[in-house]
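Bear in mind these aren't lab numbers, they're just calculated from the coordinates by the rules spelled out. This is a predicted model, so every value here is computed, not measured. With ideal geometry, Cβ positions are generated from the backbone for all residues, glycine too; neighbour counts draw on all protein chains shown.
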Amino acid sequence: MGAVALWLAAAAIVPAQTFNFYSLPASYSQPKGIAAGPDGALWFTEYGNNKIGRISTTGVVAEYTLTSTLSCPFSITVGPDGALWFTEFHANNIGRITTAGTVTEYTVPTPSAFPLGITTGPDGALWFTEAATNNIGRITTSGAFSEYAIPTQPAGAYDIVTGPDGNLWFTEEAGNNIGQITPTGVVTEFPIPSSGSLPSAILKGPDNGLWFTEWASNKIARSDSSGNIVEYPIPTGAANPLGLILGPDGALWFTEGAIANRLGRITLAGAITEYPVAAQAAATSTKRYLPTSTPNPAWLAAGADGAIWFTEGIGAIGRFSVPSASAK
């Protein structure tokens, strides 16, 4: 692995912007993953309510109950077949839901694997992480499984994405690594400079870098395809960055949890801006605006309407209108 650099990012905290929040029917729903669907709506998992949810860009919510009880659905992504695929952490399943709401569930071969992250691979299959069994899993759209061991024990594999090199890249919370796995199952791991960083979300940036959040070390990091890592500290302490997406403005956007309660933006050059989630007066009966101390933004998706949508652990879906484009 090449030399590791640590850069300090320029930062700014801007005044509160308009955030719209849409309550879910059950306050205990605990929405987690969210993805823009092929139908123009946002699809999300309800970890605490055993459901997959759908919200239109006008805020209309629909829910679909899963067959497996206490399934704890977590991550969700658009599959190569136009359906939404998701992980069921507790039920040990990989699920599929069509945009019409038809659900199919497939049991992961290894018991108690605790599947977490999921993405469409370069080979047209779905790839997922197994947090408890130190495996990376693969499932075809017809339901055939393969599993590949991660050398580090325990790895605590978390999120996964297709990289610019045609391989899959994943984060290891317990191993403090990012990993690369080829479509044939060969795994390479790269240590993260900050110890105990708890890497979480990972994505391919428009610069062909692998960008990821470091929940515990309060940083956003970038790796090239050779494992050379650069880290950018977040100015706000205890931001606990989690979700990470490519925004409609060409920058990367991330969430800062309940303590910091912000959305963050980082340019490809490492400049960070933070947007406090502010309390506002209710506008309609279908919207609610929450106090700054409670929303707990988690995972994000770029909507078809040009806004950033995000899940909140307290039982709501948030929407943020991206400000006028600034330097990338």
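What's the exposure ranking of Thr184, Thr273, Thr99, going from fewest to most Cβ atoms within 10 Å?
Going from sparsest to densest Cβ surroundings: Thr184, Thr99, Thr273.
Give the total of Lys-Lys pairs in the chain with Cα-Cα distances below 20 Å; include a pair only if its members are 8 or more places apart or on different chains.
5
Using all Cα-Cα distances in the stretch 5-320, what percent lands in each 20 angstrom bin from 0 up to the longest?
Spelled out per bin, shortest first, that is 36, 60, 5.
Mind putting a number on the dipole of the stretch 5-320 about its Cα centre? Charges go on the C-beta only, +1 for Lys and Arg and -1 for Asp and Glu, and I need it in Debye to the nearest 20.
Dipole of the stretch 5-320, to the nearest 20 debye: 680 debye.
Can you list the chymotrypsin sites (Phe, Trp or Tyr not before Pro) in the stretch 20-98 that are in a DSSP coil and have 13 or fewer other beta carbons within 10 angstrom?
Tyr28
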